[in-house]
Amino acid sequence: MAEPPLNLDQADVPAAPPIPRRAIAAATIGNALEFYDFMTFAFFAIQIGHTFFPSGDPFVSLMSSLATFGAGFITRPLGAHILGGYADRVGRKPAMLLSMTLMGLAITLLALTPSYARIGLAAPILAISARLLQGFALGGEIGSASSYMIEAAAPLRRGFTISLQSASQSVAAALGSFVGLALSAVMTPASLESYGWRIALLLGASVVPFGLMIRRTLPETLGKAIAEHAAAPEPLTAYARPLVLGFVMIGSGTIVGYIFQYMATYGQATLKLSPGVSFAAESVNNGVAVIAAIVGGLACDRYGRRPVMILPRIVFAAAIIPVFLWLTHARDATSFLSANAILSFVDGLVYGAVYASIIESVPPHIRSRAFALVYSVPVAVFGGSTQLVVTWLLHATGSAMSIAWYLVGVALIGLVAMMLMPETAPAILARRPRSVKQEAPPRV
């Protein structure tokens, strides 16, 4: 029997502001653009290393480049605090405009900085400065854009809407890898090292003016009364439980995500698969993650945040060991691509619900800063260290299965936090008795 239509009491589930869908699309596109600019650096780490950190030892050059890539994570919490607070005081729209402008300036500076051979020590200094500015901009983008998307969405579509944030990151990664593949196919290695990587970065920078033009037309979602209340906001500690649980969930997801990004290296170095098969797995991961994010977002609007976080995470944790046993014994293209597709899909289902539950658990006047910090701090801590830890585990144990056991432990930690997170979905709260609703965390 079909469920009766929901009676969404205005006092319990406020109506969404009359904001057109193009506003959500614009926020999503802008988010994808900033992640493209941030992540494309990694695809050209070797070429950038040779340009700014020349060395007789290729390993030293690459490590210097990767250290510069990691510098972008350092300033993300700072950007989250400053730009997130700006979004809560002044508005989401000006904060999104500012973060995109800073990202455009940073990527242009990096792309146009002359090589070490031309300007000496100034080259790596400028490259590192540009990377720090990129991290600062992206740290602020995540809070303002995510808050905007939740606030612009209809109450029963918030999970789907915020799932587009997760999907856009996978699209950005896929686009960056595609650009790298296309440039490497049409350019010689010397040309790619000389200026090819600059083309990839400038492609992202060239779209920034278009993104700014779209964002200037967006309506604001931070109301005047809320903006006035933000002048004396509550401390984030007033919402310690959902924020700490959110930190754990995002931290767990970050480690899982960076292990998936490590699979190309794992395929080649540990399983001795071809580079083509190994890199194809990255494309599979990104493509499947986009689909899973949207499916999970739709599901968490209908069935609630908790079920869509908890059930897929249980399946994910239970599937890791069998899938990796198959993978490490078969060691062929079929098992490698299939294993990545299976695990990426189940993992990707949860993130719309995770993001929505965190954002809906805090009031609008502190929402951007709170979510930005909960997102950026664990990414800064675990984003740059995960692949080093995995590499050490594989080397220290000599077992190809060590990565699987590590992944299980990380998934279970995230699962515990998901089980402790209260339900925030409007569709579920609307069905509860009023006495239960009154205990629910604040919502838009």
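The values are calculated or read from the model by the stated rules, or taken from the named source; none is laboratory data. Since this is a predicted model, take the numbers as computed values, not measurements. Note: ideal-geometry Cβ built from the backbone for every residue, glycine included; neighbour counts use all protein chains shown. The accessibility values were calculated without ligands, DNA or RNA, using every heavy atom of the protein model including side chains. Shrake-Rupley method; radii C 1.70, N 1.55, O 1.52, S 1.80 Å.
Descriptive notes on the structure:
- Cα gyration tensor category, rounded, prolate or oblate, for segment 278-329 with a/c compared to 1.5: oblate
- CD proxy at 222 nm, helix term only [per DSSP H run n ≥ 4: -39500 (n - 2.57); per residue of the chain; nearest 500]: -26000 deg cm²/dmol
- Taken about its Cα centre, segment 235-389 carries a charge dipole of roughly 320 debye when the Cβ of each Lys and Arg holds +1 and the Cβ of each Asp and Glu holds -1.
- Under a Gaussian network description of the chain, with springs only between Cα atoms under 10 Å, the residue in T161, T113, T28 that fluctuates furthest is T113.
- The listed peptides 366-379, 82-95, ordered by packing as a protection proxy, come out as 366-379, 82-95 (highest mean of other Cβ atoms within 10 Å first).
- For W392 and Y195, the FRET efficiency from 1/(1 + (r/R0)^6), where r spans their Cβ atoms and R0 equals 41 Å, is about 0.70.
- Spacing of the modelled spin labels on L212 and W326, each 7 Å from Cα toward Cβ, amounts to 5.0 nm.
- Spin-label model, S274/S129: points 7 Å from Cα along the beta carbon direction are separated by 4.6 nm.
- The residues of segment 154-262 expose, per residue, 45 Å² of accessible area to a 1.4 Å probe.
- Accessible area of the chain belonging to carbon and sulfur atoms, whole % at 1.4 Å probe: 71 percent
- With the charge dipole of the chain set up from +1 on Lys and Arg Cβ and -1 on Asp and Glu Cβ about the Cα centre, the Cα lying farthest toward the positive end among the listed residues Y355, G196, T424 is that of T424.
- A compact globular protein would have a Cα radius of gyration near 2.2 N^0.38 Å; the ratio found for segment 106-244 is 1.39.
- Computed from the Cβ-Cβ distance with R0 of 35 Å, the FRET efficiency linking L311 to S115 stands at 0.10.
- Projected label distance in nm at T101 and M187, using a 7 Å step from Cα toward the beta-carbon: 3.0 nm
- Protection-proxy order for peptides 207-220, 245-258, 312-325, each taking the mean of Cβ atoms within 10 Å per residue, highest first: 245-258, 312-325, 207-220
- Global form of segment 338-394, assessed from the alpha-carbon gyration tensor, a/c cut-off 1.5: oblate
- For the chain: rounded, prolate or oblate by the Cα gyration tensor [a/c cutoff 1.5]: oblate
- Dipole magnitude of the chain, debye to nearest 20 (Cβ charges: Lys/Arg +1, Asp/Glu -1, about Cα centre): 560 debye
- Selection from G139, Y266, L298, by position along the positive dipole direction of the chain (Cβ): L298
- A full extension of the chain between A122 and V381 corresponds to an added length of 90.4 nm, given 0.36 nm per residue minus the alpha carbon distance.
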